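Working notes for the structure below.
Read-outs throughout are calculated quantities, based only on the coordinates presented, and are distinct from any laboratory measurement. Keep in mind the model is a prediction, meaning the values are calculated, not measured. Quick reminder, even Gly has a Cβ in these numbers, built from the backbone with ideal geometry, and neighbours come from all protein chains shown.
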Amino acid sequence: MAFTTPNDRIFYACQAVLVVDRNTPTGNTAPTDASSKYLTGVQSIGVNANTPSSSLLDVGRFQQQFHYYDKQDIEINIDRVIDKDSDFFYKVSASNYQSGYTTAHMFYKDNINVQGAEADSKCIKNYDITLIYGTDSLSGVGADRNNSSGASNADRDQSLIVTYRNCLLTNISYTIAADGGITESVTLLTRFADYNDGISLIAFSDKLPRADTGSSSPGTPESGDTVKGYDVVFRSPSDSRYDGTALRRQNSSDSSYFSILPDEVELMFDLSNSLDDLKITGINSVSIGVSIDYTEITDVGRWNGVHDQGLQNIWRYVNLPVGVTASFTGTARQAFPHDISNGSSLFSQAADFSSSLGKPSPTATDWNRVDRPILLTARKIVDDGGGTDRYFVWDLGEHNYLTDISTSGGDAGGGNVEVTMSYQNDFSEAVFAKHTSVIDLSSDYAGPY
């Protein structure tokens, strides 16, 4: 036990999360290392450890008393809100984002990558997730360690630390609602947990927020100004729909960018209303999800990752394509065709899904193309001394296709009818970046990755 007095409980003020990300298999980075960063905006943390076992057949007995264990799996779930001065959990670096489609794609060597074995000195992206548990007798993890009034607390610098090594990212999702902050949920998977209870909170220097610094250092790494649905900017009423020729801006000399929605979504939720020259779309929420599955090749004679955590992913690779989905939910003010079968006598794809939506009339072979763009941008002013614009970008490329139109609500209790339009892309296109501008990645696309 690290604490002189055991905690009466562990709750949110007792916990902090540190993250290390890498594209190498090394698994021994210390939690106090400079590469270990405090994860801001965390709302909840969940850890599920599954220890699978199998019983051995005991012929002649119906009570089987012998069994053996397989490799354990540890799943970590983190929900957070994104502060304007923070970043996405998984992100494309500014230089790679600016360099174009290939270096921004998730399969690029610096991003998710595709395999656990090293190639070009890089491998599949993995994370060390460190959970720090502090004493519940203080206002936060390490919050009062510089406060002289708490010097008599024997546990002010004590902690319990668990580091989950070489975690693989399995799910990322975002919920962008009109009435609140944008939430990010991530799920990671590992087989190894490293327990440390001998590291003092002082060793983390300025990594953790502090209530009383006693110096000119900032008291907290978070501004409290989160990225909200309100910050996602849609096109001006006077602008035409995106036609695939240029990234939509206010004008040719303006650095402000607007989100690009699929034509069906713009048509469904076009309320023909505006406020302060901003288009009112009728969209209540947007959900974005990325699901990454892995296959592991059996290494006969070795239990990789049980004792050698740095090798637990060496025989893993990403299953293709990665599942990328998006859905748009809004208040319905009109009906929309549900029949999208080619050649249907009840529905003309040229009239409803192409020409009338701003797309060229299809040829005989164009009806099945995946060509719907999805790009959301949220604009924030960042406290960097100059008040610079920063854009949080969710770019799902221009190869999405509609998979579902569902209607709900309209109940006798007074609820509105809502329509949800769901999309998918099989190009594994999902770029999450924070930058001073929005890059037109489609202009650099030269064929399948």
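What distance in nm separates the simple spin-label points at THR388 and THR24, each placed 7 Å from Cα in the Cβ direction?
2.8 nm
Cut-off is 10 Å between beta-carbons; in what order do ASP225, ASP83 appear when sorted fewest neighbours first?
Neighbour counts put them in this order, fewest first: ASP225, ASP83.
Provide LYS84, LYS91 in ascending order of the number of other Cβ atoms located within 10 Å of each residue's Cβ, fewest first.
Fewest-to-most Cβ neighbours within 10 Å comes out as LYS91, LYS84.
Run the simple label-point estimate for THR403 and ALA446 please: 7 Å along Cα→C-beta, distance reported in nm.
So the two model labels end up 3.1 nm from each other.
Under 12 Å Cα-Cα from LYS37, which aspartates and glutamates qualify once same-chain neighbours fewer than 8 residues away are excluded?
Reachable aspartates and glutamates: ASP21, ASP87, ASP128, ASP206.
Take the residue pairs LYS91/LYS207; LYS109/LYS228; LYS125/LYS434 and return only those whose Cα atoms are more than 22 Å apart. Please list the in-between numbers first.
Numbers: LYS91/LYS207 20 Å; LYS109/LYS228 31 Å; LYS125/LYS434 19 Å.
In this structure, LYS109/LYS228 lie more than 22 Å apart at Cα.
If contacts are Cα pairs under 8 angstrom and at least 6 residues apart, what is the relative contact order of the stretch 1-73 in percent?
The normalised contact order for the stretch 1-73 reaches 23 percent.
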